[in-house]
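Report on one structure; see the data block that follows.
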Amino acid sequence: MDTYFDAFVHTFKGNLDWTFRSILFEVSWYTNYFWGLIVISLFIWSLEIVFPWRKEQAIFRKDFWLDAFYMFFNFFIFSIVISGFYSVIELFFNNVGLTLNHISLIDLFRFPGWVQLIVFFVLLDFVQWLTHIMLHKYSFLWRFHKIHHSVKEMGFAAHLRYHWMENVLYKPLKTLAVMVLGGFEPEQAYIVHFAAITIGHFNHSNIKITWGPLKYFFNNPVMHLYHHAYELPEGKYGVNFGISLSLWDYIFKTDYIPEDNGKINLGFTGDKEVPKGFWRQVIFGFGRSKPKDS
């Protein structure tokens, strides 16, 4: 039986090797998240340059390079480091006899492939929507989410500017959602993952697009800009919590789009407390925290 240390090392080395092989084009193009992230980022950035919503905003906006670094840190570097810990947790549950079948609620294998993908996408998005609400509602989580809301000029790369502690919360809950599906993840799950990256980049971009009638289903840059607004409706701790989908906000009445000129202040009351440099942001949120201020 594998020891916890063996599980940690094996998973860590496996993810590190996969990332290096991705950089060297030694994995299939449809699972190459390294170059996929770069291609999607360049595509959305090009649209920002050609069709800017806030025309006065610079191409290399405020904190552009900080956010660009965050993309690779959160998507690859931290994921490699933390992967070993998740394998240890998985091994622990296996050793105590808790398997995926114990909490499986849906058997997706009996459905067509396109249905599997849709259910997988919608369920994961709902879990992330709930998690996002928690990040705003509870002060001990909000202290870390402040990093994401410290963005003062919105652009595509702001999508992946977030504190590494958010991964610690999101990943187990997303894994739980997969376990509810009996451990099922569609063979074509890369479609869902790339779609989520693209939609997330769009939602944070300097592009004005609402998808027409589909705005009640898909999130969009106008809606998400107001999620980052400095001034929120009275009595609200947040609005427009949607990740890829907006329908949860419309269903549960957390939607808010008062206008769409895009010229609003971003951030939160007390955002000056957030340090400017990456390494100081890494340790931000620990220790004594001020009361939740938004």
(request) Counting helices only, and only those DSSP H runs with n ≥ 4, report the 222 nm mean residue ellipticity of the chain as the sum of -39,500 (n - 2.57) divided by its residues, in deg cm²/dmol to the nearest 500. (result) -16000 deg cm²/dmol
(request) Collect residues whose amide H, placed 1.01 Å from N in the peptide plane, falls under 5 Å from the amide H of D255; neighbours closer than 5 in sequence don't count. (result) N240
(message) Along the charge dipole of the chain, pointing to its positive end and built from +1/-1 on Cβ of Lys, Arg, Asp and Glu, which listed residue (L176, I77, I59) has its Cα farthest out?
(response) I59
(request) Please work out the ratio of the alpha-carbon Rg of the chain to 2.2 N^0.38 Å and round it to two decimals. (result) 1.02
(request) First select every other residue whose beta carbon is under 12 angstrom from the beta carbon of F156; then total the charges, Lys and Arg +1, Asp and Glu -1. (result) -1
(request) Choose one answer from G267, G200, G36: the residue with the largest mean-square fluctuation in a GNM of the chain with alpha-carbon springs under 10 Å. (result) G36
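Can you list which of the DSSP-assigned H helices in the chain have a Cα extent of 30 Å or more along the long axis and an average Kyte-Doolittle score of at least 0.5?
113-137
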(request) Mind listing the long-range amide H neighbours of L245? Cut-off is under 5 Å, sequence gap 5 or more, other chains count too, H placed in the peptide plane at 1.01 Å from N. (result) N219
(request) Would you mind pulling out the separation of the Cα centroids of the range 1-36 and the range 136-163, in Å? (result) 28 Å
(request) Find the relative contact order for the range 204-282 and round it to a whole percent, using C-alpha pairs within less than 8 Å whose residues are 6+ positions apart. (result) 28 percent
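Once R0 is set to 25 Å, what does the formula 1/(1 + (r/R0)^6) return for the Cβ-Cβ distance between F20 and F278, expressed as a FRET efficiency to the nearest 0.05? Working shown, then result.
Details: r = 23 Å, r/R0 = 0.92.
Efficiency, rounded to the nearest 0.05: 0.65.
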(request) First measure r as the distance between the Cβ atoms of W35 and Y138, then evaluate 1/(1 + (r/R0)^6) with R0 = 35 Å and state the FRET efficiency to the nearest 0.05. (result) 0.45
(request) Rounded to the nearest 0.05, what FRET efficiency do K55 and L130 give with R0 = 45 Å and r taken as the Cβ-Cβ distance? Could you check? (result) 0.80
(message) Need one number: nm distance between label points at K253 and T269, each 7 Å from Cα along Cα→Cβ, rounded to one decimal.
(response) 2.4 nm
(request) Per residue of the range 139-150, in order, report the coupling 6.51 cos²θ - 1.76 cosθ + 1.60 (Karplus, θ = phi - 60°) as ³J(HN,Hα) in whole Hz, putting x for Gly and Pro. (result) 4, 6, 8, 4, 4, 8, 5, 4, 4, 5, 8, 7
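Computed from the coordinates by the stated procedures, all read-outs in this text should not be read as laboratory data. Just so we're clear, the structure is a prediction, and the values are computed from it rather than from any experiment. Here Cβ is always computed from backbone atoms with ideal geometry, including for glycine, and neighbour counts include all displayed protein chains.
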